[in-house]
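The values are calculated or read from the model by the stated rules, or taken from the named source; none is laboratory data. The structure presented is a predicted model; accordingly, all values stated were derived computationally and were not measured. Here the Cβ positions follow ideal geometry from the backbone for every residue, glycine too, while neighbour counts run over all protein chains shown. Calculation scope for accessible area: heavy atoms of the full protein, side chains included, ligands and nucleic acids excluded. Shrake-Rupley method; radii C 1.70, N 1.55, O 1.52, S 1.80 Å.
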Amino acid sequence: MTCTAIIGTQWGDEGKAKIIDYYTQDADIIVRYQGGANAGHTVVAEGNKYIFHLIPSGILHKGKICVIGNGVVIDTTKLIEEIDLLKDQGYDISERLIISDSAHLIIPYHKDIDEGMENLRSQKIGTTKRGIGPCYSDKCLRLGLRVGDIFDREYLITRIKGALAFKNRQLERVYSKSGYKIDEIIDMLDKFRERTHSMITNTQNYLHNSLEKGKRVLLEGAQGNALDIDHGTYPFVTSSNSSIGGALIGTGLNPFCITDVVGIAKAYTTRVGEGPFPSEDKGEDGDLLREKGAEFGATTGRPRRCGWFDVELLKHAKRINGLTSLALTKMDVLAGVEKIKIAVGYKVGNRRLEYFPSKMLDRVDPIYEELNGWNEDISSCKSFKSLPENARRYINFIENSLSLKVSIISVGAERESTFVK
């Protein structure tokens, strides 16, 4: 039995899609286990750029089965758009994509509520307004609609009526927005059923049976550990568990199924939207990292805040997720930085903190160490030994600080710019 989980260790945007694409070579099944169309996973293959929001990024490998797990919230329109776009690009995935009948559906009123809530907040969260949070809220309130509901018309109508009884009042009275009619929702879900009915199944059962048959499974999350609803920088977090717990809940697998947990981290740190960011660099170096790393959100296009590698943030991710190794991405972006900082801890006043705090992260000061940088272009490097000496020292410093081996190194956007350490 082989099941590897891929976990973002920072605030998302760590380059998970590229590493997942790399690991997919040795997998049979790739599973997306949480989040929704608020995440953008970018893969560059054969000179072409692909951005995935719902479909697992391993879909570009022929013969691989991709699963949208029960922990994902599905925007039906976006999913159909992705399926059609891939078909136009030569990827007919109709027999390689499987959708959980237990996954929850994003309905248009979720997006309206998401936008309305953000507009009313005095402290902005930075939501993408894709309806993710309100859909997960309805899941917990037992008002949600699930993929499998679309096959039982009478039951579906009952569920929609029950939801609209609350949602239309909320839209009209709180947000001064128009409500929805049941036929609007039915029409949207009918189109979704017509396009995807053959792809929908009980994925929990499918995954367990596949593991028993010796299939190799790769679990793919969205966002990063620091955006986890429980273990992240609350309230500036996503609405689901992007940590290892979400991998279990969002697939129906148990802890004993998972054999490896690979953490993904950039060689520096970025964050989109609001919230604390101790190692953020608001000066020239931060601007340089943004420009060289093309740090703009794949989903929103928003410029990412940029800063230095944060050891304490990674230690937190290691503890929570039980990381067995680390994949380090975007090493090439650091070329040309004369002095590279690494945040090795936090302090409040003169007191050094012993762990990643659940509160007051906005009040900590990072403790930095500086390493000499390198000027060489490393994007063509194919091995650890071929890297400049200072680049190797940087990676070794990270390994020693975390007591965690770096197993994969990425030095560019292309598929080929990745190698095993």
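Return the residues of the range 139-178 that are more than 25 Å from THR203 (Cβ to Cβ) and without any contact (Cβ under 8 Å) to a residue 12 or more places away in the chain; say none if nothing qualifies.
ALA165, ARG169, GLU172, ARG173, SER176, SER178
Out of curiosity, is TYR50 of a type in the set (Phe, Trp, Tyr) and open to solvent by less than 10 Å² (accessible area, probe 1.4 Å)?
no
On the basis of being at pLDDT 95 or above and open to solvent by 10 Å² or more (accessible area, probe 1.4 Å), does THR201 make the cut?
Answer is yes for this residue.
Testing GLY301 on (1) touching a helix residue (DSSP H, G or I) at 6+ places or on another chain (Cβ under 7 Å); (2) open to solvent by 40 Å² or more (accessible area, probe 1.4 Å), one condition comes back false. Which one is that?
(1)
Specify the residue that is most open to solvent (accessible area, probe 1.4 Å); the eligible residues are those in the range 222-245 that are assigned to a helix (DSSP H, G or I) and small (Gly, Ala, Ser).
Checked the range 222-245; the qualifying residue most open to solvent (accessible area, probe 1.4 Å) is GLY245.
Scan the range 257-277 and tell me whether some residue there is part of a helix (DSSP H, G or I) and more than 26 Å from ARG415 (Cα to Cα).
Taking every residue of the range 257-277 in turn, at least one turns out to be part of a helix (DSSP H, G or I) and more than 26 Å from ARG415 (Cα to Cα).
Tell me whether the range 82-99 contains one or more residues that are over 20 Å from LEU189 (Cα atoms), small (Gly, Ala, Ser) and modelled with pLDDT under 95.
yes
Can you tell me which residues in the range 246-257 are open to solvent by less than 30 Å² (accessible area, probe 1.4 Å) and more than 12 Å from the chain's Cα centre (by Cα)?
GLY250, THR251, LEU253, CYS257
Give the residue, chosen from GLY131, GLY69, that is in contact with a Gly (Cβ under 9 Å, 6 or more places away or on another chain) and at positive phi.
Numbers: GLY69 fails: at positive phi.
It is GLY131.
Pairs please, first residue from the range 299-323 and touching a residue at least 40 places away in the same chain (Cβ under 8 Å) and under 30 Å from LYS78 (Cα atoms), second anywhere and part of a strand (DSSP E or B) and of a type in the set (Phe, Trp, Tyr), Cβ atoms under 9 Å, 6+ apart in sequence or on different chains.
From the range 299-323, the pairs are ARG304/PHE296.
Can you list residue pairs whose Cβ atoms sit under 6 Å apart, with the first residue in the range 181-195 being in a helix (DSSP H, G or I) and the second being of a type in the set (D, E, K, R) and modelled with pLDDT under 95? Count only pairs 6 or more apart in sequence or on different chains.
Taking only residues 6 or more apart or on different chains, not a single pair turns up.
Which one of ILE395, ILE378 is on the phi < 0 side of the Ramachandran plot, part of a loop (DSSP other than H, G, I, E, B) and open to solvent by less than 30 Å² (accessible area, probe 1.4 Å)?
It is ILE378.
For the range 338-384, which positions are among the small types (Gly, Ala, Ser) and modelled with pLDDT of 95 or more?
ALA343, GLY345, GLY373, SER383 - these are the residues of the range 338-384 that are among the small types (Gly, Ala, Ser) and modelled with pLDDT of 95 or more.
With the structure loaded, tell me whether GLY133 is touching a helix residue (DSSP H, G or I) at 6+ places or on another chain (Cβ under 9 Å) and open to solvent by less than 40 Å² (accessible area, probe 1.4 Å) or whether it fails that test.
Taking the combined requirement at face value, the residue satisfies it.
Quick one: which strands (runs of 3 or more DSSP E) lie wholly within the range 283-356 and hold at least 3 residues that are closer than 19 Å to GLN223 by Cα?
Strands (runs of 3 or more DSSP E) meeting the threshold: 305-307, 325-329.
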